[in-house]
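Okay, structure first, notes after.
The values are calculated or read from the model by the stated rules, or taken from the named source; none is laboratory data. Only a predicted model underlies this, so the values are computations on that prediction, with no experimental measurement involved. FYI the Cβ positions are ideal-geometry reconstructions off the backbone, even for glycines, and counts take in every protein chain you see. Accessible surface areas use protein heavy atoms only, side chains included; no ligands, DNA or RNA. Shrake-Rupley method; radii C 1.70, N 1.55, O 1.52, S 1.80 Å.
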Amino acid sequence: MSMLAALPNLTASRTGAPPAWALLERRLIDLMERGAVMMSTKYAERGGQWYWYDDLDDHYERSYNWCLLYNMGGGEQLVDLALRHWNASTRLFDDRDGNRANCIEYPNRPNVLKHSIHNEYYSLANPGDAEWHHMGEGNMGFYDLALGDPTISENVRRARRFAAMFIGEDPEADNYDPVHRVLRGPVQTSQGPWRTADVEDAKQYLLGGHPRFDPNWKPKTMGVRASLYPAVQELEDRWWENPERAAEVTRLFNEIVLGSDSACNLAATGLVTHAYLLTGDDKYRHWVLDYVEAWMDRIAQNGGIIPDNVGPTGKPGELRDGVWWGTFYGWNSYVGWSHIFHSLAVAAECALLVSGDYGYLDLLRSQIKVLLDHAKTGENGELLVPNRATKDGFVYGHVEPNKWDATSSTNLRIYELSHLYHASMAKEDYDLILRVREGDVQRDWNQVEIGADRAEWDSEYSRFQYYDGQLPDWPEKALSLQYERALEHYQAMVDDDRSRDQIIADNLQPQNPVHTKVLTQAIFGSPQYMYHGGMLRATFRYYDAERMRPGLPADVGALVDELRDDGAGLQLANTSRNQTRRLIVQAGAFGEHDFTRVRSVGDASDAELSVNGRLFSVELPPTSSIRIDASMKRFANNPSYAFPWHGNGIPIPFP
């Protein structure tokens, strides 16, 4: 408590009925915590293994954000449950003989549950899981365990071990070339890069679908997930039936596609940043910056456009006669720029976080500008950006139905833009969003939508309008929609009267009842983290000063109501009628910012305090609320998972 006593403190003096947004937040937190407990009890063994089969990353995703809910004010049991399920999934997919992953076949799936883990991380046994779109998804729950408790010795050792696989320290996982600053291929694992695709793999990644298991598989035109262009201009029909041609195409796939670093690999910066946040070891920081700078150099070498592939010596299109597109989930694939931009955002945010240098945001900003520089106006005045790159240049719409449907948007989505602007708070990036809004003629940005909970960005449009002063009732509307969604999922579990054996036989994916997107936006004042491997974004983070744990105290709601480049506005409300609550407010998700001054606004005292540090405290008497104007110096500190009372470092019992 001596640490708490030394903090600058504000005390709320305004009392009255709690605001609607605060009551909604507390109802949501309570409902979703009960939902997590019910899901864990009903759809999993006591040891944590789900009654369900799918890919490894999907197992991890079932409870990925439960520690994040804990950081919003959910109960302690959320951390224990999240850890139990993560450990159970890791054991389930481990490559030991005799575990469930190697001995159970589900009747409604044509393939056996595969072991996919070696040394507790993704292995070569199932390389389809081990590219960064999916590894990034699967890693989110592991990252969030440190938000719940960064002192778990086993997880700190895991973070070091996993990072070693990608920075050149693990001899069994020869993934990184430090001389040329390349990751050796688009798929890297705990056993090194994947280089041994067979003909069925080549068919799957070049022509789409799952030919190994699907008896009704039909090939599409080359380039669905990857391309061999220009070595192969077009693949002839049924080429795999000619043994010599099948061997040649497979060889080219292994050499060209699997032999090149991919821009999607920039999401690896999240895993290495995670290790830095736990340990403070500068070797992780240096690797993140070195790898990001390597790709920024490649953008310059490629005329301002990020190549989706570079060869063994780091040259764009090195194995493709200079063609800069064609790799796994790259510019030419059915997802177009989508997966690349996920990774750009993860890497730009990580580089800024560990360095404090805003220049690294150009990694992402430059490519957003590439799309806008090549934009055109549709017949209805809509701003259209390219969604794919081909031998004929950029294309702007879905390709022919007999090939495949592109899924990347011809509208520039707000997903990455919202992250860029939250990181920079620069007028330059605000103006980019205004340009997109002006050209988004078919969307009403004032329509509050929440979309799916994980990687969707529908809620970012109305959130931007709120901070732009055009949608003052956004918090209540968004939280109400989120509550309806959470209640729907909770009630579905209540109504599910199947037996355990029937649940196992049905093999239906259990739906995560924890929805943290809108709570993140309101409580932390940030977009939800980049789902494919990004770190938590937060303007403010909170700790219960009495229970000495992360998260808002019981009964307390928080709303970030203003964002600017030198600070932010924060409302806090205590909904309890008889209990005083005390909390610590931190600048940034990882203490990366500093508060300079904080001032209560609208209270009788209008107190103002000098802080000049990353923490201050607030006392909230019963039914009281306070609005705080916080002046900040952003990205002024080395970030860390450490809690305020950890002192000079995270106290890891057995490092």
Exercise for the section: Test Val249 against the criterion of being in a loop (DSSP other than H, G, I, E, B), more than 30 Å from the chain's Cα centre (by Cα) and surrounded by 13 or more Cβ atoms within 10 Å (Cβ to Cβ), and give yes or no. Expected result: no
Handout entry: Condition check for Ser576: open to solvent by less than 50 Å² (accessible area, probe 1.4 Å) and either touching a residue at least 60 places away in the same chain (Cβ under 8 Å) or under 32 Å from the mean Cα position of the chain (by Cα) (or both)
Key = no
Completion exercise
Within the range 128-144, residues surrounded by fewer than 24 Cβ atoms within 10 Å (Cβ to Cβ) and over 12 Å from the mean Cα position of the chain (by Cα) come out as Gly128, Asp129
Exercise for the section: Could you tell me whether Glu562 is open to solvent by 50 Å² or more (accessible area, probe 1.4 Å) and either in contact with a strand residue (DSSP E or B) (Cβ under 7 Å, 6 or more places away or on another chain) or touching a residue at least 24 places away in the same chain (Cβ under 8 Å) (or both)? Expected result: yes
Problem - Residues being in contact with a Pro (Cβ under 9 Å, 6 or more places away or on another chain) and in a helix (DSSP H, G or I) - total across the range 326-367 - result: 2
Practice task
Kindly indicate whether any position in the range 291-307 is assigned to a loop (DSSP other than H, G, I, E, B), free of Cβ contacts under 8 Å to residues at least 40 places away in the same chain and farther than 17 Å from Ser640 by Cα.
Solution key: yes
Practice task
Would you be able to tell me the number of residues in the range 220-240 that are touching a residue at least 24 places away in the same chain (Cβ under 8 Å) and either under 34 Å from the mean Cα position of the chain (by Cα) or part of a loop (DSSP other than H, G, I, E, B) (or both)?
Solution key: 12
Handout entry: Test for Arg435: is it open to solvent by 10 Å² or more (accessible area, probe 1.4 Å), within 30 Å of Gly280 (Cβ to Cβ) and at pLDDT 95 or above
Key = no
Handout entry: Those residues of the range 23-58 which are more than 23 Å from Ala478 (Cα to Cα), without any contact (Cβ under 8 Å) to a residue 40 or more places away in the chain and not in a loop (DSSP other than H, G, I, E, B), in sequence order
Key = Thr41
Handout entry: Set Ala82, Ala20: member being on the phi < 0 side of the Ramachandran plot, touching a residue at least 12 places away in the same chain (Cβ under 8 Å) and surrounded by fewer than 17 Cβ atoms within 10 Å (Cβ to Cβ)
Key = Ala20
Problem - Any hit, the range 275-282, residues being in contact (Cβ under 8 Å) with a residue 24 or more places away in the chain and under 25 Å from Gly128 (Cα atoms) - result: yes
Problem - Check on Pro211, in contact with a helix residue (DSSP H, G or I) (Cβ under 6 Å, 6 or more places away or on another chain) and modelled with pLDDT under 95 - result: yes
Problem - the range 129-154 residues that are under 20 Å from Asn71 (Cα atoms), paired with ones that are small (Gly, Ala, Ser) (beta carbon under 6 Å, 6 or more apart) - result: Asn139/Gly533
Practice task
Return the residue satisfying two criteria in turn: it lies in the range 145-156 and is in a helix (DSSP H, G or I) and in contact with a Phe, Trp or Tyr (Cβ under 6 Å, 6 or more places away or on another chain), and of such residues it is surrounded by the most Cβ atoms within 10 Å (Cβ to Cβ).
Solution key: Gly148
Problem - Index of the failed condition, Trp217 passing every other in (1) assigned to a loop (DSSP other than H, G, I, E, B); (2) within 30 Å of Glu169 (Cα to Cα); (3) among the aromatic types (Phe, Trp, Tyr) - result: (2)
Problem - Given (1) surrounded by fewer than 16 Cβ atoms within 10 Å (Cβ to Cβ); (2) at pLDDT below 95, number of the condition Pro243 does not satisfy - result: (2)
Handout entry: Positions within the range 616-642 being within 30 Å of Pro18 (Cα to Cα) and surrounded by 20 or more Cβ atoms within 10 Å (Cβ to Cβ), in sequence order
Key = Phe616, Ser617, Val618, Leu620, Ser624, Ser625, Ile626, Ile628, Ala630, Met632
Practice task
Scan (1) part of a strand (DSSP E or B); (2) at positive phi for the single condition Leu572 breaks and write down its number.
Solution key: (2)
Practice task
Scan the range 328-383 for residues that are of a type in the set (Val, Ile, Thr) and surrounded by fewer than 17 Cβ atoms within 10 Å (Cβ to Cβ) and jot them down.
Solution key: Thr377
